[in-house]
Amino acid sequence: MKEDSIDNILNALNRSAFRRRFHLSSKELSYIEEKGISKIEEHAHDFIRKRLGDSYPLKDGKQTPMRGHPVFLAQHATATCCRGCLSKWHHIPPGRELTKEEENYIVEIIMRWIRREITHAKVCGTR
């Protein structure tokens, strides 16, 4: 997916009062620093594959915690937390397994949001 398309989606999501309230805390930023961004991306692939990849994921709509890992927060901020949000915001239909391309797209959006949060924290001096 083109970089500007992802930025457009992230900007649209940021206009949602619910989505824009999510931000990485200093604890999550430290976790990213400790593990490294590549490891966080691995986690994102793993979470998406295991929690959203199936046609009808277990506990869909409730499978993504609101805290506990930077990727979880990013999923809520980017509307990649459940198949309903994926359908509404990203036009990825429910009722079938995610393709590898869709998984990569979801992870790309999550990681772009995380990188924005890291940059924002550095610029604002919260990190």
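What to note about this one:
- Each Cα pair under 8 Å and six or more residues apart adds its separation to the average, and for the chain the resulting relative contact order is 30 percent.
- Entries in Lys59/Lys122; Lys35/Lys88; Lys59/Lys100; Lys50/Lys122; Lys27/Lys100 that, when Cα-Cα distance is taken, lie over 29 Å: Lys59/Lys122; Lys35/Lys88; Lys50/Lys122; Lys27/Lys100
- Inter-part distance where region 1-34 and region 42-109 are each reduced to a Cα centre, Å: 14 Å
- At q = 0.12, 0.15 Å⁻¹ the log10 of I(q)/I(0) for region 18-80 amounts to -0.30, -0.47, computed by Debye summation with a single uniform scatterer per C-alpha, solvent ignored.
Read the figures in this text as sums done on the coordinates, not as results from a lab. Keep in mind it's a predicted model, so treat the numbers as computed, not measured.
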